[in-house]
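Report on the following structure.
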Amino acid sequence: MFSNIFRSRRNAASAALVVFALGFAATPAHGEGTLRVAQQFGIAYLILDVVKDQKLIEKHGKQAGVDIKVEWAQISGASAMNEALLAGALDMVSAGVPPALVLWDRTRGKQNVKLVAALGSLPNYLLSNNPAVKTLDDFSSKDRIAVPAAGVGFQSRTLQIEAAKRYGKDNFKRFDDISISLPHPDATTALISGGLEVNAHFSSAPFYYQALERNPAVHKVISSYDILGGPATFNVLYTTQKFHDANPKTYKAFYAALAEAAAWIPAHKEEAAAIFIRQQNSKLPPAFVKQIIDDPENQFTINPQQTQVYADKLREIGVLQSRAESWKDYFFDEAHANPGS
């Protein structure tokens, strides 16, 4: 069941990316009132699910005097997101903090990509179904770690930070050689079934909950919270300076929609679970999804938390060239009024 569900999602995501790349990359930038947004898979994108389901962008747009047409896509992996944004195929993309910071760093003085808002502080769990793997030190060349974007995504960059800490800065890519790119749904299927090449997965919610529940051999090796020293932002939204400046009403309506969704979720958890299931075509039981939303490790907030840790650590190992004196250096001004780190 999982395999069919997850494969259809992956195919839909790939098709969506092709449509964007072919249909929009060569078109001129949209004017005020159009927004093309892409999200990835998992409950870490619940805020966007609520925004989409309740048409909050359209609502705040009308309040600002502009009718906003919103186009949504679902794509797996930071690399595809970044390519689509820079090609002009998307206006607003979402990924983990590290790939967003890399794009901020590499587009300074050009497209000037900056972060818009956090989408939540949620841990990722590095899981394994190999009984010999209890800690990171136990991984060998025979193991394979599935991540959405090997070497460049949130999970790989987080592992690079930990590898540099454990084995020295020169060895920060220690786990890249045994990492392969695979969408979370497919990696979860592989981990649950066992006996396949992929025997580890740096997984986000709800996927690590499913894997831990479905296969007793699956166990947690380490989490992103363990590596970062506590709760930290997982994923963020980001866009170009050009879109931000050319579409002030659309941008502000989008940010207001995010804020409304984040405030709504804690008081409406059962409804939020139903929205996740509906928007992501999930077959998960509502009670299971609500359990994930209830988990105190998961915070659905647009305020960034510990993103500066990524900015500092990734610069130390040479992934980033630019120094950020504050999280406000790489977030657009609209986020500065709220708490952040």
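The values are calculated or read from the model by the stated rules, or taken from the named source; none is laboratory data. Just so you know, these numbers come straight off a predicted model, no measurement behind them. Methodologically, a virtual Cβ is constructed for each residue, glycine included, from the backbone with ideal geometry; neighbour enumeration extends over all protein chains shown. Heavy atoms of the whole protein, side chains included, go into the accessibility calculation; ligands, DNA and RNA do not. Shrake-Rupley method; radii C 1.70, N 1.55, O 1.52, S 1.80 Å.
Per residue, how large is the accessible surface of the range 210-341? Use a 1.4 angstrom probe and give square angstrom.
44 Å²
Heavy atoms only, probe 1.4 Å: what % of the accessible area of the chain goes to carbon and sulfur, would you let me know?
Heavy-atom surface of the chain belonging to carbon and sulfur, 1.4 Å probe: 51 percent.
Rounded if a/c is under 1.5, else prolate if a/b is larger than b/c, else oblate: which is the range 199-250, with a ≥ b ≥ c the root eigenvalues of its Cα gyration tensor?
The shape class here is prolate.
With viscosity set to 0.890 mPa s and temperature to 25 °C, compute the Stokes-Einstein D of the range 172-262, Rh being the Kirkwood radius across alpha carbon pairs; µm²/s, no decimals.
Calculated translational D: 149 µm²/s.
Could you sort the peptides 107-116, 277-286, 68-77 by per-residue average Cβ neighbour count (10 Å cutoff), highest mean leading?
The densest-packed peptide leads the list: 68-77, 107-116, 277-286.
Calculated FRET efficiency, residue 336 and residue 132, Cβ-Cβ r, R0 45 Å, to nearest 0.05?
The computed FRET efficiency comes out at 0.40.
What accessible area per residue, rounded to a whole number of Å², is obtained for the range 38-189 using a probe radius of 1.4 Å?
In whole numbers, the range 38-189 has 34 Å² accessible per residue.
Can you list the lysines whose alpha carbon sits under 24 Å from that of residue 69, skipping same-chain ones fewer than 8 residues off?
Of all the lysines, those that pass the test against residue 69 - Cα under 24 Å, at least 8 places apart if same chain - are 52, 55, 59, 114, 242, 249, 252.
Excluding residue 123 itself, calculate the net charge of residues whose Cβ lies under 14 Å from the Cβ of residue 123, where each Lys or Arg counts +1 and each Asp or Glu counts -1.
Combined, the nearby Lys, Arg, Asp and Glu give -3.
Between residue 267 and residue 53, what is 0.36 nm times their sequence separation minus the Cα-Cα distance? Round to one decimal in nm.
75.4 nm
Could you pull out every one of the lysines with an alpha carbon less than 26 Å from that of residue 220, ignoring same-chain neighbours closer than 8 positions?
Correct list for residue 220: 134, 142, 165, 169, 173, 283, 290, 313.
Output the 0 to 90 degree angle, nearest 10, between the alpha-carbon long axis of helix 184-193 and the longest principal axis computed from the alpha carbons of the chain.
The angle comes out near 20 degrees.
Tell me the mean residue ellipticity at 222 nm calculated for the chain from its helices only (DSSP H runs of n ≥ 4, each -39500 (n - 2.57), averaged over every residue, nearest 500).
Helix contribution divided over all residues of the chain: -13000 deg cm²/dmol.
Within the range 122-158, name every residue whose backbone N is under 18 Å away from a label modeled 7 Å from Cα of residue 165 along the Cβ vector.
Under cut-off, by backbone N: 122-127, 134-139, 154-158.
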